[in-house]
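Taking it in order: structure first as structure tokens, then the write-up.
All of the numbers you see were taken from the coordinates with simple rules; none came from a lab. No experiment lies behind these values; they were computed from the predicted model shown. We place every Cβ from the backbone using ideal geometry, glycine too, and count neighbours over all the protein chains shown.
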Amino acid sequence: MHGGAPSALIGTLASSGVGEGELLARVQVDLERPVPLTPLVGTVERRQVSNRIAHLDVQLATEDGERVVGARALAMRTTEVVAANPAPPDAERPESFPLMIWDALYPPGQVTFLRDATEHRIVRGGYGVAEPSAAWLRLVVPVVEGEVSGGLAELLGIADFGSPLSIGGSVRKGLALINADVNVTVSREPIGPWFRLEASSRVGPGGVGVVVAQVHDGGGPLGVITQSQIVQRYQGPTTAS
């Protein structure tokens, strides 16, 4: 399945291990194996490092015990401080930008995370466009049926799109990028459901790429997403890049 779905579930699991007055300041998700469209078993282990810092080890495994996604989250105890230069909320509204339509790529009736679980509104550039790109994104389905999704889970659900937003002209036709991880670092609680990603990438001569996406939400600047990529030859249609 798309990396956004298990990442969102990781966010939900990690949030369950946070104590009162703590912030999950960083979540590193390692996409270790292709995640099947089957029931998954999630576990969370908390290790207290100091009075103000704890590490959460989270994993998703198949019912037969095969680990497919691993994650580590950093929980930090917060204190009341006044920022020297508080950032104003973003005046930009997601609804002001065109909705990305995917029907040409995914025929009606074919359920896909990209089209059916998320909404994309392109601010600048776009997917596969050779320029730095930005977009507002949100989940349009709950992470867990019947439960309200938390802001961190919603952010992790769309964080993986920083990679395709960043590709642009960084790789030539006939090559594809595989994401090995998703790393989200924030300075406060995410405010969902909308998040603005402004992404760029660089690919080194050894075929390893890095993505950096600046993240805003309705409250203003929020944090950053980074991803590591592996470049390989694309086995699909020759028109793709």
task = Would you mind working out the magnitude of the charge dipole of segment 136-228 relative to its Cα centre, with +1 at each Lys and Arg C-beta and -1 at each Asp and Glu C-beta, to the nearest 20 Debye?
result = 520 debye
Overall dimensions of segment 108-152 as given by Cα atoms, namely Rg and Dmax in Å = 13.4, 40
inquiry  = I want the local charge near Leu152. Using Cβ-Cβ distances under 15 Å, sum +1 for each Lys or Arg and -1 for each Asp or Glu among the other residues.
reply    = -2
note = Mean-square fluctuation maximum in Gaussian network of the chain, Cα pairs under 10 Å, restricted to Ala54, Ala73, Ala14, hits Ala54
remark   = Everything considered on the Cα gyration tensor (a ≥ b ≥ c; rounded for a/c under 1.5, else prolate if a/b is larger than b/c, else oblate), segment 16-140 must be described as oblate
request  = Treating only the Cβ atoms of Lys and Arg (+1) and Asp and Glu (-1) as charged, compute the dipole magnitude of the chain about its Cα centre; round to the nearest 20 debye.
outcome  = 780 debye
task = Calculate, axis by axis, the spread of Cα positions in the chain along the three principal axes, and write the results as whole Å, longest axis first.
result = 55, 49, 41
request  = Would you calculate, for the chain, the mean residue ellipticity at 222 nm contributed by helices, counting each DSSP H stretch of 4 or more residues as -39,500 (n - 2.57) and dividing by all residues, to the nearest 500?
outcome  = -3500 deg cm²/dmol
query = Regarding segment 1-83, what are the three Cα extents along the principal axes, ordered largest first, in Å?
reply = 45, 24, 17
task = Go through Leu60, Ser15, Gly42 and say which Cα lies farthest out towards the positive end of the charge dipole of segment 1-79; charges sit on Cβ, +1 for Lys and Arg, -1 for Asp and Glu.
result = Ser15
